[in-house]
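Okay, structure first, notes after.
Derivation of every value follows stated rules applied to the coordinates shown; laboratory data play no part. On a predicted model such as this, the values are computed, not experimentally measured, just so you know. When we count neighbours, we look across all protein chains shown, and the Cβ atoms used for this are built from the backbone with ideal geometry, even at glycine.
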Amino acid sequence: MRDQGAWLIFEDELGQSLRPPKARTWSRRGHTPVIKVTGKGSGRVSLAALVCARPGQRTRLLYRTLTHTGRKNEKKGFREDDLARLLDAASQQLGGKIVLLWDNAAQHKDAAMRELLETRSAWLTVFYLPPYTPDLNPAEGVWAHLKKSLSSLAPCTTGQLATKSRTRLKRMQYRADLLDGFIAETGLSLAPP
C-alpha cells in the first residue's frame, strides 16, 4: 500500500430504525427523563461509510444513505451496485489506487460483487477482515459515535432520521482528529516504520 501510494479504505454498513438507541443521561433526582417514541412506521435508514486513510494525507470519511419507508418491493439495504457506485465515488474524490478492507458480509462476497470488483481491478485491491472482528474496522467507531449522538433523538419520520444522520456524519467529515482516533482504536498505525 505504502509503495503504491494507495488509500487504505475501511467500509461498513449500518441500519437504523425510528426507535432510538438506548442511552444514559443526567437529570434531577427523582425526575427520570423519558423520551416518547411513536413506534409507528416500519421505515429504516441504511448507511454505508468509508474511512479513508493515507500516510501524509488528512483522514477522510465518505458516506451514503438510503431511506426505505417500508413499502412493498422496496430494497432494504445497500446492494452490490450501490456499493460499487460508492467505491467509484471514492476513487474519483481521492484519486489514485485504493486498498479496500471490509467484512465478510454476503453481499461483499457474492458473484455479482466479485464481478463488479473485477472490472475495477486496475485501481482497486480488496481484502476481507477476519470473521467476528469488528474491533479491526474504524468504521465501527463511526457508527458508535453516530448512535451516541442520536441517542436522545426521537424522530417521527424516516426523513427526519436520515437528515439528522447525514448532519452528524457531515460534522464527522470535518474532524480528522476524530477519524484518526477511530483508526487508533483498532491498533493500526499508518506512520512509516
In this structure, the FRET efficiency calculated for residue 125 and residue 189 from their beta-carbon separation, with R0 = 22 Å, to the nearest 0.05, is 0.65
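Set the Förster distance to 35 Å, then compute FRET efficiency between residue 34 and residue 76 from the Cβ-Cβ distance, nearest 0.05.
Details: r = 30 Å, r/R0 = 0.87.
After rounding, the FRET efficiency stands at 0.70.
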Any idea how many Lys pairs in the range 93-189 come in under 28 angstrom at the alpha carbon, given 8 or more places apart or on separate chains? 7
Given R₀ = 41 Å, what would the calculated FRET efficiency be for residue 17 paired with residue 97, taking r from the Cβ atoms and rounding to 0.05? 0.65
A correct Stokes-Einstein calculation for the chain, using the alpha-carbon Kirkwood radius, 4 °C and 1.567 mPa s, returns a whole-number D in µm² s⁻¹ of 72
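Quote the relative contact order of the chain in percent (integer), defining contacts as alpha-carbon pairs under 8 Å separated by 6+ residues. Walk me through the numbers on the way to the answer.
Numbers: 288 pairs, mean separation 56.9, N = 193.
RCO, the chain: 29 percent.
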For the range 124-193, rounded, prolate or oblate, judged on the Cα gyration tensor with a ≥ b ≥ c (square roots of eigenvalues), a/c < 1.5 rounded, else prolate if a/b > b/c? prolate
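What is the sum of charges around residue 188, taking Lys and Arg as +1, Asp and Glu as -1, for the other residues whose C-beta is under 12 Å from the C-beta of residue 188? Please report the intermediate quantities before stating the final value.
On the way: positive: none; negative: 135, 180, 185.
Surrounding charge for residue 188 is -3.
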What ³J(HN,Hα) values, in whole Hz, does the Karplus curve 6.51 cos²θ - 1.76 cosθ + 1.60 give for the range 56-65 when θ = phi - 60°, with x put for Gly and Pro? x, 10, 5, 5, 10, 10, 10, 8, 9, 10
How far apart, in nanometres, would the label points at residue 157 and residue 58 be if each is projected 7 angstrom from Cα along the Cα-to-Cβ direction? 3.4
Options 100, 174, 156, ranked by Cα towards positive dipole end of the chain, top entry (Cβ charges): 156
Across the range 109-120, in residue order, what do the Karplus-derived ³J(HN,Hα) couplings come to in whole Hz, using 6.51 cos²θ - 1.76 cosθ + 1.60 with θ = phi - 60° and x for Gly and Pro? 10, 6, 4, 4, 5, 4, 5, 5, 5, 4, 5, 10
Between residue 136 and residue 167, with labels modelled 7 Å along Cα→Cβ, what's the label distance in nm to one decimal, could you check? 3.7
